[in-house]
Amino acid sequence: MSASHAEKNIFTQNENNQKQWVGKPSPNFKLQDQHAKWHELKQYKGKWVVLYFYPKDNSPGCTEEARQFKNLYPQFIKNNAVVLGVSLDDIASHRKFSDKLALPFPILADHQQQLAHAFGIVRNLGITKIAKRETFLIDPKGNIVFHYTSVNTQTHAQKVLQDIQKYS
């Protein structure tokens, strides 16, 4: 198989993943954050929801991505948006990660993998499982308007913010 053929397959697969979700209602969820507070999708009706999945607390890429969302968080708030980080780590791990970075937004503990499975983004790494680094942008009515399957941890938060401003 040629490189261009393989590349085309990857792009087609990404487009199909994107189309699978765009325009559809987001799966509901009820998960606890780093402070053991419950969060449900329905409590954010009327707001944009940035649901960003990341593989692991305290890993370099996940730390960078969380910092980027933290730095832009006041602008997300101004644009009627909430940011919710999600990984398969537990509440205690999230609390340490959040405290270390002084995160102003909830990070949800999906240690039962319910939400990651609902979105089809669980990656099996032998004996351990992680959530793929993907983001879903949910509009104020609860529908997914964008599914980011390719995430650059240094520029992703800015891109999501620009998309919210574009779609608003």
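Points to keep in mind about this one:
- Residue within region 21-36 that is surrounded by fewer than 15 Cβ atoms within 10 Å (Cβ to Cβ), out of contact with any strand residue (DSSP E or B) (no Cβ under 8 Å at 6 or more places or on another chain) and at pLDDT 95 or above present: yes
- Selection count, region 120-136, where residues are part of a loop (DSSP other than H, G, I, E, B) and surrounded by 20 or more Cβ atoms within 10 Å (Cβ to Cβ): 3
- Any hit, region 137-159, residues being more than 13 Å from the chain's Cα centre (by Cα) and part of a strand (DSSP E or B): yes
- Annotation note: Cβ proximity below 7 Å between a residue of region 143-168 that is touching a residue at least 60 places away in the same chain (Cβ under 8 Å) and surrounded by fewer than 17 Cβ atoms within 10 Å (Cβ to Cβ) and a residue that is of a type in the set (A, V, I, L, M, F, W, C) and in a helix (DSSP H, G or I) (sequence gap 6+ or interchain) occurs for 158/72.
- Residue 116 falls short of the stated requirement of being touching a Phe, Trp or Tyr at 6+ places or on another chain (Cβ under 8 Å), within 16 Å of residue 158 (Cα to Cα) and not basic (Lys, Arg).
- Only residues that are on the phi > 0 side of the Ramachandran plot and either surrounded by 14 or more Cβ atoms within 10 Å (Cβ to Cβ) or modelled with pLDDT under 90 (or both) were counted in region 99-119, giving 1.
- Exactly one residue out of 153, 149 is polar (S, T, N, Q) and within 25 Å of residue 45 (Cα to Cα): that is 149.
- Whichever residue in region 74-111 is small (Gly, Ala, Ser) and in contact with a helix residue (DSSP H, G or I) (Cβ under 9 Å, 6 or more places away or on another chain) and, among such residues, is farthest from residue 31 (Cα to Cα): 102
- Restricting region 68-98 to residues that are without any contact (Cβ under 8 Å) to a residue 40 or more places away in the chain and over 21 Å from residue 44 (Cα atoms) leaves a set whose member that is surrounded by the most Cβ atoms within 10 Å (Cβ to Cβ) is 89.
The values are calculated or read from the model by the stated rules, or taken from the named source; none is laboratory data. Quick caveat, the model's predicted, so the values are computed rather than measured. We place every Cβ from the backbone using ideal geometry, glycine too, and count neighbours over all the protein chains shown.
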